[in-house]
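The values are calculated or read from the model by the stated rules, or taken from the named source; none is laboratory data. Just so we're clear, the structure is a prediction, and the values are computed from it rather than from any experiment. We place every Cβ from the backbone using ideal geometry, glycine too, and count neighbours over all the protein chains shown.
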Amino acid sequence: MNDQALTVLRWPASVDPTQELLVVAIDTPDTPIRDTARQLVRTVLREILGDVELVSAPGQPIRLARPDSPLSISVSHETGLSVLAIRRSGPVGIDLLRLPDNPDWKAQIPVLARDYLGPQIAQRIAHLPPAEQMAHFARAWAEHEASLKCRGLPLEEWSPALVEKLSPCRVRQLVMPTGYIGAIALSGTIVELPRHFALLRLPEARERPAMKDPCGISMP
């Protein structure tokens with residue numbers, strides 16, 4: 001990871017809604033069906049930004065209806081929790097993963113790491129003790145997905161060209177509830193980041209379902 005992880009605080013907190021960067025986590029239903037989670041995120045966005053018009057389409061990030069606005073929004077959902085990043089003057093990407101309990105899933109790490117995260121990260125994960133591989137893979141995956149979102153790129157297999165496209169991103173891990181991994185990426189002119197963000201209704205740890213595969217489908 002790049003730099004120290006950012007601590008996430010409970011909501012309500014002393015947060016200036018006009019600050020350059022704001023990250024909020026939202027307690028959502030413990031189900032992979034995301035209709036309610038998406039509505040909760042929209043509600044929180046309007047609580048922070050006011051009565052703004054939001055635009056979203058399948059496979060596209062939510063954004064303000066005003067195309068000339070410099071404000072960027074990024075959202076990531078997992079069962080039980082969603083995270084929302086708002087940046088006032090530049091690109092931002094955020095990603096959230098919920099760690100799986102199924103030990104059979106670990107067998108897929110070498111292939112996914114090699115195909116999507118690149119040979120160096122794949123090799124580094126492979127040299128770790130088996131008990132540590134899942135957490136390290138999840139952190140690397142969240143950082144990668146956050147960077148892709150920050151640059152407005154779809155998920156694709158690793159290549160040197162992709163590394164070059166993602167090189168402007170500055171990535172930070174987020175301190176999340178037990179069982180979740182989160183990361184945020186920014187590019188462009190970056191001001192000094194706050195040490196703390198606001199967390200809305202931090203959920204207690206629950207039994208954790210399977211993690212998503214690269215296509216967004218739950219893995220066994």
So which residues in the stretch 23-51 are surrounded by 15 or more Cβ atoms within 10 Å (Cβ to Cβ) and among the hydrophobic types (A, V, I, L, M, F, W, C)?
-> 23, 24, 25, 26, 37, 40, 41, 44, 45, 48, 49
Of the residues in the stretch 102-116 that are more than 14 Å from residue 158 (Cβ to Cβ) and exposed (fewer than 14 other Cβ atoms within 10 Å of the Cβ), the one that is modelled with the lowest pLDDT is 103
Residue check for residue 205: within 28 Å of residue 22 (Cα to Cα), within 19 Å of the chain's Cα centre (by Cα) and either in a helix (DSSP H, G or I) or at pLDDT 95 or above (or both) = no
Can you spot a residue in the stretch 99-118 that is closer than 26 Å to residue 59 by Cβ, within 14 Å of the chain's Cα centre (by Cα) and either assigned to a loop (DSSP other than H, G, I, E, B) or not basic (Lys, Arg) (or both)?
-> yes
Segments classed as strands (runs of 3 or more DSSP E), wholly inside the stretch 1-88, with at least 1 members that are among the hydroxyl-bearing types (Ser, Thr, Tyr), at pLDDT below 90 and closer than 25 Å to residue 167 by Cα | 6-11
Taking the stretch 119-135 only, how many residues are touching a residue at least 24 places away in the same chain (Cβ under 8 Å) and either in a strand (DSSP E or B) or closer than 22 Å to residue 174 by Cβ (or both)?
-> 3
Which of (1) of a type outside the set (S, T, N, Q); (2) at pLDDT 95 or above; (3) farther than 27 Å from residue 41 by Cβ does residue 185 not meet, given it meets every other one?
-> (3)
